[in-house]
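Only the coordinates and a few stated rules stand behind these numbers; no lab work does. Because the structure is predicted, anything quoted here is derived from the model rather than measured. Cβ: placed from backbone, ideal geometry, glycine included. Neighbour counts: every protein chain shown.
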There are 2 protein chains.
Amino acid sequence: MYTYNYLFDFTKNVFMKMGCSEHDSKIIADVFLAAEMRDHASHGMIRIKDYYELWKARRINTDPQVTIVHESPSTAVIDGDNAVGMVVARRSMETAIEKAKKAGTGWVAARNSNHFGIAGYYAMMALETDMIGICLTNANPLVAPVFSISRMIGTNPIAVAIPAMKQPPFVADFATTPIARGKLAVAEKKGEKVPFGYLQDKNGLPSDDPTILKSGGSMLPLGGDRVHGSHKGYCLSSIVDIFSAVFSGANFGPFVPPSVAYLPVLDKKVGKGTGHFFGAMRIDAFQPANEFKTKMDEWIETFRSAKPVKGQERVMIPGDPEREAEERNRKDGIKLVPAIKDDLVAVAKELGIEFK
Amino acid sequence: MYTYNYLFDFTKNVFMKMGCSEHDSKIIADVFLAAEMRDHASHGMIRIKDYYELWKARRINTDPQVTIVHESPSTAVIDGDNAVGMVVARRSMETAIEKAKKAGTGWVAARNSNHFGIAGYYAMMALETDMIGICLTNANPLVAPVFSISRMIGTNPIAVAIPAMKQPPFVADFATTPIARGKLAVAEKKGEKVPFGYLQDKNGLPSDDPTILKSGGSMLPLGGDRVHGSHKGYCLSSIVDIFSAVFSGANFGPFVPPSVAYLPVLDKKVGKGTGHFFGAMRIDAFQPANEFKTKMDEWIETFRSAKPVKGQERVMIPGDPEREAEERNRKDGIKLVPAIKDDLVAVAKELGIEFK
């Protein structure tokens, strides 16, 4: 078991060794640790090695000039200068919040960025100032549109955070596929099959084999098949892709650059880097903040009081599982599986620091 | 077969007879006909009788004062004065567009409204002025949260319209359930079963019986079951509900008033009427409009060129099926099934007009 502080300091030091400023390295470490604490380990320490390899391959810029390239009273477009995604994303969400302070809402599209960790982190930044936060990002193409066998689109997540008064905030943070890519990777490592409805083979036939992605298969959009509404999942992923990439001038759909160094840089570019989209809405642009938050308490309490099916203790509110994980992990510490520890030891050694 | 003009004039006259102004009646008829033309007949002429019955029961206001009750540079809250939903929704989207002209984006939450027809209609209003349009609404509670047997939430649709240059616009308009309520009603009328994944019985067991909604059953969120991501569908419906109702001060979740007169007014109210949410984003708040629209052409052409699975001719772009239906229905006319015709004849007779 590791403490929060040990992993935070290690992560910060890794990125400082790679040339990031202390300011940026702290932001990056904060997002990595948020993923671990909230039980989204697929976006946590397991990815340090990916960033390190991208940096070694000179595919990521650790000394960036993140700049606003276009704006209106309630909007901005940010160019991330190929920085580590967390740095671009944090700056973008800060800009959205600043815009919202004056215009009621703020909306920022970011281009020329990279993988930014968990989307929920940025959406939740808005909560501190009584705002609603929204965060979208596109991602490597692994998902086929309905009735297609081409990998055109990512698992493109949506995060929305809404503050309440006495109740904890409502925080939704989910991929627009039935399951996150990371969970398929876990099944693959364990040699397990997965339920039908997640994957298809290269001919578009349903598959339960997580290795199928290595032989021309693809992930399916939320809904799974047409009968169960996969055209709606396809709509959602597409909207996230367009907001993240077309609004900002980033690469869209099949042209999103790989977030790992072992996949080659794509030949064709239709924009700059990976794209994200951020929104901040001041509560009191709609309702007096206390009225709104009291009403959110009532919303949350109403949904908590829904009758559970037999065998379930309760009905959950989006954000409950992650918040409970955070409490548990803060108390018990963070567990890393041996393979991840080995990766971190190796990265540390190459950078002249230590991980144990 | 009926012509567009015949049904438009009839619908307009029905609402004028009920006391709506000619201006409002034209808006209402326009939305009804848009539903018919786009093959969303479940939101078309079949619903005239519902509005008429609500009016007879004095549950809807045909002479409303729709007013802005709160605003910031980029936001507004509108009170619909219990008007026909189309009147509130059109005014709200116009306000969002006006806000966007000055602030870059405009966001309007509406309360004290009623059923407004198809969400896509309002999202598409933004296209005329080179804006992206967004429309959400809550709806009667028919859907159970994940792991619950309580009907807490509606089929809460999401509509997003994005303009392109030479290509037709991207228009997504979908319920956050695997299937729309209207399609279950059709299966029920035909005495047919439906696929598993849409419904559960009163104990939370999977059901293929569309009549189950009459005996304590409920619809399932997009994703169907937890394994296939129904927690994501639940998140989506919840977000739509909160944006539509908590932002505006309307009734949320289980308290959304019925859109039909044969269901009683609910005892408990947590706000006013039904709620909607509208967004308009000026393209050039992010990118020069022509650059953006040319990039959207490229996005659409890229996705159209995805390889179809065997047995399918092509991969569709959101909005394709409805646009093609519109072309076909404009040419061939609109067909109404005998039961709907009978309803319209009866409504017409009571109002002293004619339908044949």
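What would the Debye formula give as log10 I(q)/I(0) at q = 0.16, 0.18, 0.22, 0.26 Å⁻¹ for the alpha-carbon point model of region B:195-266, no solvent? Debye intensities relative to I(0), on a log10 scale: -0.71, -0.86, -1.06, -1.11.
Of the residues B:A285, B:H40, B:Y262, the one whose Cα sits farthest towards the positive end of the charge dipole of chain B is B:Y262 (charges of +1 on Lys and Arg Cβ, -1 on Asp and Glu Cβ, taken about the Cα centre).
Within 10 Å of each Cβ of B:301-311, how many other protein chain Cβ atoms are there on average? List each step's numbers first, then the result.
On the way: counts 0, 7, 11, 1, 4, 12, 9, 7, 10, 4, 2.
The mean count of partner-chain Cβ atoms within 10 Å per residue comes to 6.
Between B:N112 and B:G80, B:N251, B:K272, B:G273, B:T274, the built amide H atoms are under 5 Å apart, and every one of these is 5 or more places off in sequence or on another chain.
Working note: Cα gyration tensor of chain A, eigenvalues times five, square-rooted, sorted largest first, giving semi-axes of 28, 26, 24 Å.
With the simple model of a label 7 Å out from the Cα in the direction of the Cβ, B:Y6 to A:A346 spans 7.4 nm. Among A:219-232, B:326-339, A:339-352, the peptide with the highest mean count of other Cβ atoms within 10 Å heads the list, and the full ranking is A:219-232, A:339-352, B:326-339.
Work out the count of Lys pairs in region B:94-206 where the Cα-Cα distance is under 29 Å, with the pair 8 or more places apart or on different chains. Lysine pairs meeting both conditions in region B:94-206 amount to 8. Around the Cα centre of region B:212-356, unit charges on the Cβ atoms of Lys, Arg, Asp and Glu (plus for the first two, minus for the last two) sum to a dipole of about 280 debye. Gain on full extension, evaluated as 0.36 nm per residue between B:D267 and B:F196 minus their Cα-Cα distance, stands at 22.2 nm. Proximity of backbone amide H atoms, modeled 1.01 Å from N, is registered between B:S150 and A:K307 at under 5 Å, excluding neighbours fewer than 5 places apart on the same chain. Phi-derived couplings, Karplus 6.51 cos²θ - 1.76 cosθ + 1.60 at θ = phi - 60°, listed residue by residue for region B:103-115: 9, x, 9, x, 9, 10, 9, 10, 10, 6, 10, 9, 3 Hz, with x used for Gly and Pro.
At 1.002 mPa s and 20 °C, plugging the Kirkwood radius over alpha-carbon pairs of the protein assembly as shown into Stokes-Einstein gives what diffusion coefficient in µm²/s? The partial results should precede the final answer.
Details: Rh = 25.9 Å.
Rounded to a whole number, D works out at 83 µm²/s.
Loop sites by DSSP among the chymotrypsin sites (Phe, Trp or Tyr not before Pro) of chain B, restricted to those with at most 15 other Cβ atoms within 10 angstrom, leave B:1-195 as the longest stretch without any of them.
The length gained on full extension between A:D63 and A:E326, counted as 0.36 nm times the residue separation minus their Cα-Cα distance, comes to 91.5 nm. The separation of region A:130-209 from region A:15-74, counted between C-alpha centres, amounts to 21 Å.
For region A:1-124, what is one quarter of the convex hull surface built on the Cα atoms, given in nm²?
Details: hull surface 30.0 nm².
That works out to 7.5 nm², a quarter of the Cα hull's surface.
Here the Karplus curve 6.51 cos²θ - 1.76 cosθ + 1.60, taken at θ = phi - 60°, turns the phi angles of region B:339-352 into couplings of 4, 6, 4, 4, 4, 5, 4, 5, 4, 4, 4, 4, 8, x Hz, with x standing for Gly and Pro. Between A:I78, A:G271, A:L136, the Cα set farthest toward the positive side of the dipole of chain A (charges on each charged residue's Cβ, about the Cα centre) is that of A:G271. Here the protein assembly as shown is assigned +1 on the Cβ of each Lys and Arg and -1 on the Cβ of each Asp and Glu. Its dipole about the Cα centre then comes out at about 700 debye. For chain A, relative contact order (Cα pairs under 8 Å, six or more residues apart, normalised by length) works out to 20 percent.
Which value results when the Cα radius of gyration for region A:69-133 is divided by 2.2 N^0.38 Å?
On the way: Rg = 11.3 Å, N = 65, 2.2 N^0.38 = 10.7 Å.
Normalised Rg, Cα atoms only: 1.05.
For chain B, the Cβ-based charge dipole about the Cα centre amounts to some 500 debye (Lys, Arg positive; Asp, Glu negative; other atoms uncharged). Residues whose amide H lies under 5 Å from that of A:A83, counting only those 5 or more places away or on a different chain, are A:N61; hydrogens are built 1.01 Å from N in the peptide plane.
Counts of other chain beta carbons within 10 angstrom of each beta carbon in peptide B:172-183 average 3. In this assembly of identical copies, the label point of A:P206 (Cα plus 7 Å along Cα-to-Cβ) is separated from its counterparts by 0.9 nm, sorted shortest first.
Loop only per DSSP, at most 12 neighbouring Cβ atoms within 10 Å: give me the trypsin sites (Lys or Arg not before Pro) in region A:2-81, ordered by residue number. Display every interim value, and only then the final one.
Details: sites: A:K12, A:K17, A:K26, A:R38, A:R47, A:K49, A:K56, A:R58, A:R59; in loops: A:R38, A:R58, A:R59.
Hits after loop and neighbour filter: A:R58.
In terms of its C-alpha gyration tensor, region A:317-356 has a prolate overall shape, because the principal axis ratio a/c (a ≥ b ≥ c, square roots of the eigenvalues) is not below 1.5 and a/b outweighs b/c. Applying the criteria of a DSSP loop state and at most 15 other Cβ atoms within 10 Å to the trypsin sites (Lys or Arg not before Pro) of region A:240-310 yields A:K268, A:K269, A:K310. Translational diffusion coefficient of region A:111-234 (Stokes-Einstein, Kirkwood radius from Cα pairs, 20 °C, 1.002 mPa s): 138 µm²/s.
The shape of region B:253-323 can be summarised by an equivalent ellipsoid whose semi-axes, obtained from the alpha carbon gyration tensor, come to 41, 23, 9 Å from longest to shortest. Along region A:75-92 the Karplus relation, 6.51 cos²θ - 1.76 cosθ + 1.60 evaluated at θ = phi - 60°, assigns HN-Hα couplings of 9, 7, 10, 10, 9, x, 6, 6, 6, 4, x, 4, 5, 5, 5, 5, 4, 5 Hz to successive residues, with x for each Gly and Pro.
Taking R0 as 45 Å, what's the FRET efficiency between A:T302 and A:I353 from their Cβ-Cβ distance, rounded to 0.05? List each step's numbers first, then the result.
Details: r = 50 Å, r/R0 = 1.12.
About 0.35, to the nearest 0.05.
Based on Cα contacts under 8 Å between residues 6+ apart, region B:179-219 shows a relative contact order of 33 percent.
Set the Förster distance to 45 Å, then compute FRET efficiency between B:E94 and A:V186 from the Cβ-Cβ distance, nearest 0.05. If you can, show how the numbers build up before the last one.
Working: r = 50 Å, r/R0 = 1.10.
Between B:E94 and A:V186 the formula returns 0.35.
The residue among A:M125, A:A57, A:H115 whose Cα reaches farthest toward the positive pole of the charge dipole of region A:46-205, with charges on the beta-carbon of Lys, Arg, Asp and Glu, is A:A57. The coefficient of translational diffusion for region B:179-219, derived via Stokes-Einstein from the alpha carbon Kirkwood radius under 20 °C and 1.002 mPa s, stands at 218 µm²/s. Note on A:S21 and B:D130: their simple-model spin labels are 3.6 nm apart, each label 7 Å out from Cα toward Cβ. Cross-link pairs exceeding 21 Å between alpha carbons, from the set A:K56/A:K214; A:K232/B:K272; B:K12/B:K341: A:K56/A:K214; A:K232/B:K272.
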